[in-house]
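K.L.:
This is the structure I have questions about; it appears just below.
Bear in mind these aren't lab numbers, they're just calculated from the coordinates by the rules spelled out. Keep in mind it's a predicted model, so treat the numbers as computed, not measured. Because the Cβ atoms are built from the backbone with ideal geometry, glycine has one as well, and the counts that use them run over all protein chains shown.
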């Protein structure tokens, strides 16, 4: 089974209320189980001609003092990705980036390009302000709704 497909299945199980998923294809069988007590997931794969391996039970969680996550306080407006694709700061590798940290942007101004299905989509800023933080690297894959820039 393709690793991208497997990762997508794991993400779907972890983000949904489904506790177990089993898929059988011509090239093998995959079973993904979400543990309710522990955040770990157990996965088993079976391929024809090999004995079915049983996943090892997840270890019981160790009691520990709760640690509060350190959340970074974001001030300003977050410009988010409107689609899944590849993030580019410029129209081509030798061109100057559309915006940098400290760039003053206007509503409707192109701030980056996201390539999706071989189509280059210019992403426009939805507020006036100054780019204070870039949250994505050039050439990085981005998801729908992923923060790209902070504009203050």
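K.L.:
Mind sorting 130, 8, 75 by how few other Cβ atoms lie within 10 Å of their own Cβ, fewest first?
P.N.:
75, 8, 130
K.L.:
How do 117, 134 line up, fewest other C-beta atoms within 10 Å first?
P.N.:
Ordered from fewest to most neighbouring Cβ atoms within 10 Å, 117, 134 come out as 117, 134.
K.L.:
Got a sec? How would 94, 16, 132, 81 order by Cβ neighbour count within 10 Å, fewest to most?
P.N.:
94, 16, 132, 81
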